[in-house]
Amino acid sequence: GMGKAGKALKHVLETYNISQNRLAVTMGLNRSTVYQWFNEITDPSAESVTQIVAALEQLNEAAAKEFVLLYLGRIAQSEPEQPES
């Protein structure tokens, strides 16, 4: 569905203090592309998701792992999100 990757990306960038610009530079992309994903204006393609994971692995392996878990976890189970404790 819409926004899964964007939500996961936003959470991970904020949690690990990675700027949208840093991710864009690492991916060799225009910052506006990352901005649009981050704000769920557009969804990254499956290929872009793979590239996001690769870029996050370069920047912060824990961030990459968490992104994959959030993204795949939300696809696997469409339960309502648990409030953070």
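May I ask you to list pairs of residues, at least six apart or on different chains, whose Cβ atoms are under 7 Å apart, with the first in the stretch 1-21 being in a helix (DSSP H, G or I) and the second being of a type in the set (A, V, I, L, M) and open to solvent by 50 Å² or more (accessible area, probe 1.4 Å)?
Going by the 7 Å Cβ cut-off, the qualifying pairs are Lys4/Ile75.
Select from the stretch 47-68 the residues that are open to solvent by less than 80 Å² (accessible area, probe 1.4 Å) and of a type outside the set (Val, Ile, Thr) and list them in ascending order. Explain how you work it out, then say what you get.
Step one: filter the stretch 47-68 for residues open to solvent by less than 80 Å² (accessible area, probe 1.4 Å), giving 48-49, 52-56, 59-60, 62-64, 66-68.
Selection gives Ser48, Ala54, Ala55, Leu56, Leu59, Asn60, Ala62, Ala63, Ala64, Glu66, Phe67.
Go through the stretch 22-44 and give me each residue that's open to solvent by less than 50 Å² (accessible area, probe 1.4 Å) and assigned to a helix (DSSP H, G or I).
Matches in the stretch 22-44: Leu23, Ala24, Thr26, Met27, Thr33, Val34, Trp37, Phe38.
Can you confirm whether the stretch 45-64 contains a residue that is of a type in the set (A, V, I, L, M, F, W, C), out of contact with any strand residue (DSSP E or B) (no Cβ under 9 Å at 6 or more places or on another chain), modelled with pLDDT of 95 or more and part of a loop (DSSP other than H, G, I, E, B)?
no
The values are calculated or read from the model by the stated rules, or taken from the named source; none is laboratory data. Being a predicted model, the structure only gives us computed values, none of them experimental. Note that we place each Cβ from the backbone using ideal geometry, even for glycine, and neighbour counts take in every protein chain shown. Ligands, DNA and RNA are stripped out before the accessible areas are found, and what is left, the full protein with its side chains, is counted by its heavy atoms. Shrake-Rupley method; radii C 1.70, N 1.55, O 1.52, S 1.80 Å.
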